[in-house]
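**Student:** Dropping the structure in here first, questions after.
The values are calculated or read from the model by the stated rules, or taken from the named source; none is laboratory data. The structure displayed is predicted, hence computed values, not measured ones. Ideal geometry is used to build each Cβ from the backbone, glycine not excepted, and the neighbour counts take in all protein chains shown.
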Amino acid sequence: MKKTLFAALIGRPNVGKSTLLNFMLGKKVSIVSNKPQTTRTRITGIMSRGDVQYVFLDTPGIHRPKNKLGTFMVKTANTAVGDVDVVLWLIEAGDKIGPVEEMLMKKLESDGVPTILLINKTDISGAEEIGETILRFSERFEFDAVIPVSAKTGDKVEDIFSEIDKFAYESEWIFPDDMFTDQPERVIASEIIREKLLQTLDKEVPHGTAVVIEEFSESEEMIKIRAEIFCEKESHKPIIIGKGGRELKLVGTRAREDMERFFGVKVYLDLWVKVKEKWRESEMGIANFGFKKEEF
Ligand SMILES: Nc1nc2c(ncn2[C@@H]2O[C@H](COP(=O)(O)OP(=O)(O)OP(=O)(O)O)[C@@H](O)[C@H]2O)c(=O)[nH]1
Ligand SMILES: [Mg+2]
């Protein structure tokens, strides 16, 4: 008897949603960085194990948006809540209930979707703080389960499966059993480049970048990729390129290595940096980079 389960990973930026998704799948499908607002769209991770096909939706961190891109990201996360059988709400030990949490609780209540609270990063938090945090959140909301986990070490991640399995429903599987993401190869390539920008560059600069794949040509022995990195200000361009092209070269090497691992063939990567003033602030700017209104 085959079963299907849709689960969304929801929470504030930087709590480890994408890290957890990658750990659960045993494959890297969603980019990770130590900077908040890394994930910008809904990323689907699929896993078929035993009788169950799990469809996980990784979402952008919920925050108070400061521009049109932020508004799109928060809407994407909110919409995912309504599309799933169970929500995995990730927090960190010490987190308080603020406006973002209030809003999320209201949404979860009105949608009536089962919710499991995950206190992530237990490898770097104290037992007492974890306990207090569980109490604080449980007093305010009726969670179906509460599990302290570590997406980094994998501690208690298997317990998540035991809890969510209850919500799986009988159905034919939607995706082929060897499929693990629905992202097209071009999107994976652009996300890998964005991850390396976030990991290599400091502060605000990488947050204002968008990556467009201009060419993706495959032959048997290699893939040739030409990508354009758009930044928001003329002054950001030399920062991304670096002295003598050092930074861009580093981004390129790191991205190429990951791409070769992912695609399993040699990759030739050609990166260009361009400017698109304040693109995150306009509807048209974000639509041009594929963040479309139609998605919700
Ligand atoms: N120590 C520790 N670090 C973790 C754990 N999970 C995630 N991290 C780190 O936390 C940072 C953020 O991880 P992400 O997975 O990108 O977080 P996210 O919730 O997807 O963030 P957004 O996409 O910005 O919403 C990264 O530096 C991760 O390595 C964990 O269990 N333990
Ligand atoms: Mg993420």
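**Student:** Within region 15-39, which residues are in contact with an Asp or Glu (Cβ under 9 Å, 6 or more places away or on another chain), part of a loop (DSSP other than H, G, I, E, B) and more than 6 Å from ligand 1 (Cβ to nearest atom)?
**Tutor:** Listed by number, the residues that qualify are Lys28, Val29, Ser30, Ile31.
**Student:** In addition: On the given criteria, is Ser110 within 13 Å of ligand 1 (Cβ to nearest atom) and of a type in the set (Ser, Thr, Tyr)?
**Tutor:** In short, no.
**Student:** Can I ask one more? Which is outside any loop (DSSP other than H, G, I, E, B), outside the structural domain of Glu277 (by TED's automatic domain parsing) and more than 12 Å from ligand 2 (Cβ to nearest atom), of Thr44, Thr76?
**Tutor:** Only one candidate passes the filter, namely Thr44.
**Student:** Given Ile147, Ile160, which one is in contact (Cβ under 8 Å) with a residue 12 or more places away in the chain, assigned by TED's automatic domain parsing to the domain that holds Glu101 and in contact with an Asp or Glu (Cβ under 6 Å, 6 or more places away or on another chain)?
**Tutor:** So the residue among Ile147, Ile160 that is in contact (Cβ under 8 Å) with a residue 12 or more places away in the chain, assigned by TED's automatic domain parsing to the domain that holds Glu101 and in contact with an Asp or Glu (Cβ under 6 Å, 6 or more places away or on another chain) is Ile147.
**Student:** Among (1) surrounded by 12 or more Cβ atoms within 10 Å (Cβ to Cβ); (2) in contact (Cβ under 8 Å) with a residue 40 or more places away in the chain, there is one condition Lys96 misses while meeting the rest; what is its number?
**Tutor:** Every listed condition holds for Lys96 apart from (1).
**Student:** If you check Ile164 against the conditions, is it buried (at least 16 other Cβ atoms within 10 Å of the Cβ), within 16 Å of ligand 1 (Cβ to nearest atom) and under 22 Å from the mean Cα position of the chain (by Cα)?
**Tutor:** No; evaluated as a whole, the condition is false for this residue.
**Student:** Same structure again: Could you identify the single residue in Glu221, Glu204 that is more than 18 Å from Val187 (Cβ to Cβ), free of Cβ contacts under 8 Å to residues at least 60 places away in the same chain and touching a strand residue (DSSP E or B) at 6+ places or on another chain (Cβ under 7 Å)?
**Tutor:** It is Glu221.
**Student:** Across region 270-294, what is the number of residues that are within 20 Å of Glu215 (Cβ to Cβ), aromatic (Phe, Trp, Tyr) and either surrounded by 14 or more Cβ atoms within 10 Å (Cβ to Cβ) or at pLDDT below 95 (or both)?
**Tutor:** Selection size over region 270-294: 1.
**Student:** In addition: Please work out if Gly11 is away from ligand 2 (no atom under 12 Å from the Cβ) and at positive phi.
**Tutor:** Answer is no for this residue.
**Student:** Still on this model: Please verify whether region 56-73 includes one or more residues that are within 11 Å of ligand 1 (Cβ to nearest atom), in a strand (DSSP E or B) and under 25 Å from Ser190 (Cβ atoms).
**Tutor:** Yes: one or more hits.
**Student:** Right, something else. Kindly indicate the residue of region 40-67 that is over 19 Å from Glu232 (Cβ atoms) and of a type in the set (Ser, Thr, Tyr) and also farthest from the chain's Cα centre (by Cα) among those meeting that condition.
**Tutor:** Going through the qualifying residues, I end up with Ser48.
**Student:** Kindly establish whether Val267 is of a type in the set (A, V, I, L, M) and either crowded, with 19+ Cβ neighbours inside 10 Å or over 23 Å from Thr181 (Cβ atoms) (or both).
**Tutor:** yes
**Student:** Select, from Lys196, Lys224, the only residue that is farther than 18 Å from Val275 by Cα, surrounded by 15 or more Cβ atoms within 10 Å (Cβ to Cβ), assigned by TED's automatic domain parsing to the domain that holds Lys266 and out of contact with any Asp or Glu (no Cβ under 6 Å at 6 or more places or on another chain).
**Tutor:** On inspection, the qualifying residue turns out to be Lys196.
Per-residue answers, yes or no, for (1) under 15 Å from Gly61 (Cβ atoms); (2) at pLDDT below 95; (3) more than 16 Å from ligand 1 (Cβ to nearest atom):
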position	(1), (2), (3)
Val86	no, no, yes
Glu92	yes, no, no
Leu104	yes, no, no
Asn120	yes, no, no
Ala127	no, no, no
Glu132	no, no, yes
Phe137	no, no, yes
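Here's the yes/no breakdown for (1) among the polar types (S, T, N, Q); (2) touching a helix residue (DSSP H, G or I) at 6+ places or on another chain (Cβ under 7 Å); (3) touching a residue at least 12 places away in the same chain (Cβ under 8 Å); (4) within 13 Å of ligand 2 (Cβ to nearest atom):
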position: Phe6; (1), (2), (3), (4): no, no, yes, no
position: Ser33; (1), (2), (3), (4): yes, yes, yes, yes
position: Leu57; (1), (2), (3), (4): no, yes, yes, yes
position: Lys68; (1), (2), (3), (4): no, yes, yes, no
